[in-house]
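Since the structure comes first, as structure tokens, the remarks are kept for the end.
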Amino acid sequence: MAGSAWTSALCKWESPDYEPSLPVSEKSNPLTCDIDRASAESIVKMLHRCDVQMFQEESEGTYQRLLSDQVVKTLAEVAKRAELILKDPQDSLVVLSGCGTSGRLAFLIAARFNRALRQLKQNPVYSYIIAGGDRALLSSQEAPEDDPKLGMLSLKKVCEGKKRVLFVGISCGLSAPFVAGQLDFCLQHPEVYTPVLIGFNPAHQARDEAMPGCTFTFHSVVQRMQEHANAFLINPAVGPEAISGSSRMKGGSATKILLEVVLSAAQAAAFSRTPVTCNGIVQHIGAHKRTVDVTYSECEGIAALVEAAGRSLQGGGCVCYLGWGSLAVLSLMDASECNPTFGADYEDVRGFISGGYAELNINEGSLTSLGPDFCIAHEDFLHLLLPRLTDKDTVLLIYTHCDDVGDVLKLARRVREKMVNLHAFYHQADGDTSAALQQVSIHQSLFLYIYVSIYRSVYVFFLLQDDINKLCLSTLNITWPAAAMPFCRQNRTLSSVSVPQQWELSTKLVLNAVSTGAHILKGKIYQNHMIDVQVTNSKLYRRATRLLQRLSGRPGPQCEEALLKAIYQVEELTGDIPSCDITTHTHKARSRTKVVPAALVCLLTGCSLVEAESHLKQRPIIREAVEELL
Ligand code: F1P
């Protein structure tokens, strides 16, 4: 796209007449309207442009953005609330909560900041809640998202006996009833709870749909929060997702950025006498912007991974992520999201973590008893998956130079004995030796000893890495220039938090690109819409109906009827089906596949459901099956 066309596509979504009935989080992104026909490299470039929109400045009359004054001010205020809790943690808690990706990020961030507290010899104060419990960290559990009472009860349980709670509810679309129930509860108990809401739609676009057993809607809760002096709304617009509604992408990245900015500022203020300032917050957001740019500067390497993963999925193979440390957690997250997002089978994209559940350290401990899809250790990969892998599958090693690279090499060798389609993705800090030495302020002879040791370990790393490179078909190495991390260099106490933050965000972007790109290449996307979306909660049910309307041009009620027929697998809607509530429909839809494509074929051709299903069977590439009829 030429320069000026690109600029206008960049801002087009902000125009009041662009898809006016949809909230920002559900709009389609003009930058990606033909992503379904793009090459791997073009897909990555489009994703880069979409991610850059997160940091776009607010212009007059448009939505508030990540760097808008009001957003930054609110972030600073919330950081100060968290600082108070960190300084006086007795009977206090900071709770991060959300559904799907938002809950997974709540877990990731709570775990990391608790770890940082333990390093400072402080007691942990962060807790996480994810709708559906810990199994939702690793698999799609979309239904609990619709239950406001469950949200409220799980919050009450976590906060039992606490006198002061900073509650951060995350719902990218300002839509999840689970989170609305929690916020409502906080507003009713202001003596204990300070509610904060993170999402990426303007307040007036919050979902205004009745919820089971409730007198409030998400929208009315947001309104009450706006009127409340002790409630905070952090809701910058980050632009529509590259794949419409896929809030795991920008929504997830922006959530991660906001939580890290707030909690890092609070931690620095509480323990290293660095007061929270708006300027500090702006700088920290800027560091994340550089992370995005540094990551996508490796466009070719990312595209090579997209292509390999795409080829595997196209050929009926699978993609396995083998990760170390927190990057492995991101790989587990990315893999778990493929099922609800692309209607993928859980075996299509799988993640494994070195150290398994001991490393993951979740509230409910090991979940292996839930079945093979919850076996997540590298040993599980070796026993359960590797024997079945062939060259049509893809294995990706994900680590940093700080991990046990000897172990990476060992695993790489085991994989190569079985198949060739092995790739590596690792992070490394440029000038890392001097960064490490900055942390050291000791006697000179000790200094020399440490200096030699660090150089030796860097040397060993290069030797091991060289061996890994020889085993891999492609290696994506992101080397972080010192200038990309001024925040960590200027402030020693934060460096242990900030460097992993950059690596994690970068890893999230790359893995989102790999799984999204691979599914695009597999033909799961039409234009920039996910046609084969799982209809497993009310948000996805509404999205599916809208998509049918958009693609078939038929009125809403007719589309909903076609969707229900596909869900219940009937040619006529009889009995009580039409009068059942959405929860019943979405519950039924859990065991069904390809409901939206089947409904669309029926709407476009007037054929029966049986004929539509047979049409789809003969054309397994959904995009081609749909295009043929449009
Ligand atoms: C929560 C969520 C998403 C997931 C899917 C269903 O959305 O579970 O994380 O990818 O789209 O909804 P939200 O409440 O954060 O908007």
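The values are calculated or read from the model by the stated rules, or taken from the named source; none is laboratory data. What you see is a predicted model; the values in this text were computed from it and never measured. All Cβ positions, glycine included, derive from the backbone under ideal geometry; neighbour counts span all protein chains shown.
Every residue, every condition in (1) among the charged types (D, E, K, R); (2) closer than 20 Å to VAL420 by Cβ, yes or no:
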| residue | (1), (2) |
| --- | --- |
| THR277 | no, no |
| THR291 | no, no |
| GLU307 | yes, yes |
| ARG311 | yes, yes |
| GLY316 | no, yes |
| VAL319 | no, yes |
| TRP324 | no, no |
| VAL329 | no, no |
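Would you check which residues across region 116-127 are assigned to a helix (DSSP H, G or I) and either within 14 Å of the ligand (Cβ to nearest atom) or among the small types (Gly, Ala, Ser) (or both) and list them?
Selection gives ALA116 alone.
Take the residues of region 128-151 that are assigned to a helix (DSSP H, G or I) and within 16 Å of LEU105 (Cβ to Cβ): which is farthest from the ligand (Cβ to nearest atom)?
LEU138
Which ones in region 91-115 are away from the ligand (no atom under 12 Å from the Cβ), under 18 Å from the mean Cα position of the chain (by Cα) and of a type in the set (A, V, I, L, M)?
LEU96, LEU108, ILE109, ALA110, ALA111
Among helices (runs of 4 or more DSSP H) lying entirely in region 259-370, which contain 3 or more residues that are of a type outside the set (Gly, Ala, Ser) and buried (at least 22 other Cβ atoms within 10 Å of the Cβ)?
Fully inside region 259-370 and qualifying: 278-296, 299-314, 325-342.
Given the conditions (1) part of a loop (DSSP other than H, G, I, E, B); (2) farther than 21 Å from ALA79 by Cβ; (3) of a type in the set (S, T, N, Q), which single one is not true for SER154?
(1)
Can you find a residue in region 240-257 that is surrounded by 24 or more Cβ atoms within 10 Å (Cβ to Cβ), away from the ligand (no atom under 15 Å from the Cβ) and not assigned by the TED database to the domain that holds LEU547?
So far as region 240-257 goes, no, none of its residues is surrounded by 24 or more Cβ atoms within 10 Å (Cβ to Cβ), away from the ligand (no atom under 15 Å from the Cβ) and not assigned by the TED database to the domain that holds LEU547.
What are the residues in region 192-222 that are within 15 Å of the ligand (Cβ to nearest atom), small (Gly, Ala, Ser) and either over 27 Å from the mean Cα position of the chain (by Cα) or buried (at least 19 other Cβ atoms within 10 Å of the Cβ) (or both), if any?
Within region 192-222, GLY199, ALA206 meet the criteria.
Among the residues in region 546-563, are any among the polar types (S, T, N, Q), at pLDDT 90 or above and crowded, with 21+ Cβ neighbours inside 10 Å?
For region 546-563, residues among the polar types (S, T, N, Q), at pLDDT 90 or above and crowded, with 21+ Cβ neighbours inside 10 Å: absent.
Does VAL24 fit the bill of being under 21 Å from the mean Cα position of the chain (by Cα), within 17 Å of ALA254 (Cβ to Cβ) and surrounded by fewer than 18 Cβ atoms within 10 Å (Cβ to Cβ)?
When the stated conditions are applied, VAL24 does not pass them.
Which condition number does LEU174 fail, the rest of (1) within 16 Å of the ligand (Cβ to nearest atom); (2) under 21 Å from ILE582 (Cβ atoms); (3) assigned to a helix (DSSP H, G or I) being met?
If we test LEU174 against (1) within 16 Å of the ligand (Cβ to nearest atom); (2) under 21 Å from ILE582 (Cβ atoms); (3) assigned to a helix (DSSP H, G or I), just (3) comes out false.
Results for (1) crowded, with 18+ Cβ neighbours inside 10 Å; (2) in contact with a helix residue (DSSP H, G or I) (Cβ under 8 Å, 6 or more places away or on another chain), shown as yes or no for each residue.
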residue: VAL52; (1), (2): no, yes
residue: GLU57; (1), (2): no, no
residue: LYS73; (1), (2): no, yes
residue: LYS80; (1), (2): no, yes
residue: LYS87; (1), (2): no, yes
residue: GLN90; (1), (2): no, no
residue: GLY98; (1), (2): yes, yes
residue: ASN123; (1), (2): no, yes
